[in-house]
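These notes concern the structure reproduced below.
The values are calculated or read from the model by the stated rules, or taken from the named source; none is laboratory data. The model shown is predicted, which means the values in this text are computed figures rather than measured ones. For neighbour counting, all protein chains shown are included, and Cβ atoms are generated from backbone atoms with ideal geometry for every residue, glycine included. With ligands, DNA and RNA removed, areas are computed over all heavy atoms of the protein, side chains included. Shrake-Rupley method; radii C 1.70, N 1.55, O 1.52, S 1.80 Å.
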Amino acid sequence: LATPMSVMVGVGKGAQNGLLVKNAEALEKMDKVDTLIIDKTGTITEGKPTVEKVGAFGDNFSEKEVLQYIVSLNSLSEHPLAEATIKYGKKQEVVFLKADGFNAVTGKGVEGNVNGKKTALGNTKMMEQANASLLEAMENEAQTYQKQGKTVSYLSIDQKAAGYIVIGDKIKGSSARAITELQDKGIAVIMLTGDNYDTAQAVAGELHLADFKAGMLPEDKLNEVERLQGNGKVVAMAGDGINDAPALAKSDVGIAMGTGTDVAIESAAITLVKGDLHGIVKARNLSEKVMKNIKQNLFFALVYNTLGVPIAAGVLYPFFGILLSPMIAAAAMSFSSVSVIANSLRLRNATID
């Protein structure tokens, strides 16, 4: 009873506090985690992107035409950033053009045919794949927004850079406090994001995160988890998207945002219902209390046997003539079980905030 009782009550306590724990192993390992990897979009940020600006490069296309091509291509996508652009386009009463041949390129962007023209939308890697050259002036223009922590997606039409769209996503109010609390517990927090370096640096600076990596593809995140584990680290990974699923599955403890994708949730051992980083602090506190409770239970389970077995074997008989009555032995065994159960139930009143 010592371990399963504590785990059962601990899992219930977690559920009351918005933590869905799949198995006992996750609770046990969470207590040992010394490195936490976190995604940016939807994990640190609210995951509610909004369009802040649309820009055009040169005179070939106007800002309105750039927006028209972007929303037309994104009409075939289910990505949160795509939804934000479509919502913005409808508000601007943009006429959607015919789009087909859609293809999502993981970690880079999307491509397809819009109005008969080969169109691509995404980061600099996407532009490279589309053979669209970005002039230094173009990158400098976008960099202004990236240094503010915004996401900039470039648009290319027939292998020529046509414009860009700036998308903002607010940092969750609880993110900074949660990261600080985790760092105070001795956990190294690392941000891995597919965004460019300037955007990542702006967000990391606001959160006082010294360790971050930008331009990370799904396989890069997976490799980073494996590298840290190879160095003897116990790694937890928190994310919300399809891109995070491989790293979530590989990490010692995968933590998914309940507001994220089904694939991420399925790959994780712990799900934070509210999609709030403070949930990781709760998970760590819960794990610490459950492991402490298990050790207490083991003490209660063993102390009666440790004392009772030698007496029952007659160790005191030659000196004091004392033997252990079977009735007392039975009572001691029952009391050990009652002690374990009662101690486990104390977890219901534990504070994990």
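Some observations on this one:
- You will find that of 210, 188, the residue that is among the small types (Gly, Ala, Ser), surrounded by fewer than 19 Cβ atoms within 10 Å (Cβ to Cβ), over 19 Å from residue 125 (Cβ atoms) and in contact (Cβ under 8 Å) with a residue 24 or more places away in the chain is 188 and no other.
- The number of residues in segment 77-112 being in a loop (DSSP other than H, G, I, E, B) and free of Cβ contacts under 8 Å to residues at least 12 places away in the same chain comes to 2.
- Only listed residue being over 13 Å from residue 154 (Cα atoms), among the β-branched types (Val, Ile, Thr) and within 26 Å of the chain's Cα centre (by Cα), chosen from 106, 124: 106
- Which listed residue, of 271, 259, 306, is in contact (Cβ under 8 Å) with a residue 60 or more places away in the chain, open to solvent by 50 Å² or more (accessible area, probe 1.4 Å) and β-branched (Val, Ile, Thr): 259
- The set of residues in segment 17-68 that are more than 21 Å from the chain's Cα centre (by Cα) and of a type in the set (D, E, K, R) comprises 52, 53, 59, 63, 64, 65.
- Of everything in segment 50-76 that is among the polar types (S, T, N, Q) and outside any helix (DSSP H, G or I), the residue that is most open to solvent (accessible area, probe 1.4 Å) is 60.
- When 41, 3 are checked against the criterion of being crowded, with 17+ Cβ neighbours inside 10 Å and not in a loop (DSSP other than H, G, I, E, B), 3 stands alone in meeting it.
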